[in-house]
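The values are calculated or read from the model by the stated rules, or taken from the named source; none is laboratory data. Because the structure is a prediction, the values reported are computed rather than measured. All Cβ positions, glycine included, derive from the backbone under ideal geometry; neighbour counts span all protein chains shown.
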Amino acid sequence: MKPRRVLAITRRIFAQFRHDRRTLALLFVVPLVILSLLYYLLRGGGGQPAVGVVNLDNGPLGAVVARQLESSSQVKASQIDLTTAQSRLRDDRLAGYIVLPTNFSSDALQQGVLRPEVHLEGSQPAQSGTVLQALSQSLLAALGTLPSQPGLRPPRLDLRVTYLYGGPQLDTLDYFGGAFIGLVVFFLVFVITCVAFLRERSQGTLERLMASPLRRGEIVLGYMLGFTILALIQAAEVLLFSLYVLKVHNSGSVLLIFAFEALMALSAVNLGIFLSMFARTEFQAVQFIPLVVAPQLLLSGVIFPVSSEPTWLQAVSRALPLTYVVDGLRDVMLKGADLSWAAIQLDAAVLGGFCVLMIVAAGATLRRRVA
């Protein structure tokens, strides 16, 4: 083995990468972008869960607990009336609200029992846990302000919790299940379509079709139907496995869930066809994965709720199609939403518009002369 020959091969690799700007960007730019997104998501000062405090207590303890909640760093609490709290909870503007009943202070001082009422939205277990933790800390801090009485035990907590959706039986898989169903379909369909369509082009099959009497629209539609049928079969398999084998919680229509999957699959197929036109090799096609999938994985609410992101990142999230898939699937599976819900109509309309946009883009990238 001669070192000169080994170094010659090494120099060749460096020279090859030096002229491949896309690969250099994948190696040195994309990791910094992804890490920056994680920084803003984890340390970007996103909003805390919004909580309403309904203080009906006639005694001193309720006011102290309310002030402690308002000063809590875990939640964004504000005092509101009961009707407003109920309305905002149904409109997803609150993660929950806490009612301090009229006899809250008297029960604590005379009977030794704290009886706050907690009403949680319930579809996000992490937010529900944050609200309960903030309440517990506020109650402890409030009790510390009471004058100590020898021989008197601290009041015990009799917490009354109700859930608008879901409940304490929901676990992490139930919350992430809908999002992962959409993500799996999008990711696999996009990758397979992009690589397979590029192979058709690199092997000359697409060029021969373009030279035939077939019209450009017929070619696009034929490829789209072929890939879409396979994608829909995969989507049905993923859905049935998630619901009936993994037992992911579902309160809504299975057909509506599949409709969202179908829209996502159709979008991913045409996005794959569109982006394959900008790659010459399968390696270049794979390079689109971190550029297309990673931002959507981080920003679309799959892992981090969109509401917890910094304001400027929320605007970016609302431009990503996967955001609307995640929102729609979670509304259906966790809240039992149907087509009468305005949020479901908006999610479906945005996904439909994105499908049309990708179909037009895929057709426009086909030319009579194919490289």
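Computed quantities for the displayed model
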item	result
Wholly enclosed helices (runs of 4 or more DSSP H) of region 266-371 bearing at least 3 residues at pLDDT below 90	282-286, 288-299, 311-317, 342-365
Pairs with Cβ under 6 Å, 6+ apart, first in region 69-84 and in contact (Cβ under 8 Å) with a residue 40 or more places away in the chain and part of a strand (DSSP E or B), second of a type outside the set (Gly, Ala, Ser) and surrounded by 16 or more Cβ atoms within 10 Å (Cβ to Cβ)	ALA77/VAL51; ALA77/VAL53; ALA77/LEU69
The one condition in (1) surrounded by fewer than 17 Cβ atoms within 10 Å (Cβ to Cβ); (2) more than 11 Å from the chain's Cα centre (by Cα); (3) aliphatic (A, V, I, L, M); (4) more than 26 Å from LEU221 (Cβ to Cβ) that ILE344 fails to fulfil	(1)
Given (1) part of a loop (DSSP other than H, G, I, E, B); (2) without any contact (Cβ under 8 Å) to a residue 24 or more places away in the chain, index of the condition ASN58 fails	(2)
Selection from region 93-122 of residues that are surrounded by fewer than 18 Cβ atoms within 10 Å (Cβ to Cβ) and acidic (Asp, Glu)	GLU117
Enumeration of residues in region 87-134 that are in contact with a Pro (Cβ under 7 Å, 6 or more places away or on another chain) and among the basic types (Lys, Arg)	ARG115
Single unsatisfied condition, TRP312 versus (1) of a type outside the set (Val, Ile, Thr); (2) farther than 25 Å from ALA25 by Cα; (3) loosely packed, with under 15 Cβ neighbours inside 10 Å	(2)
Test: residue in region 189-199 that is of a type in the set (D, E, K, R) and in contact with an Asp or Glu (Cβ under 9 Å, 6 or more places away or on another chain)	yes
Sole residue being surrounded by 17 or more Cβ atoms within 10 Å (Cβ to Cβ), more than 15 Å from the chain's Cα centre (by Cα) and farther than 28 Å from LEU32 by Cα, chosen from LEU275, LEU255, LEU271, LEU266	LEU266
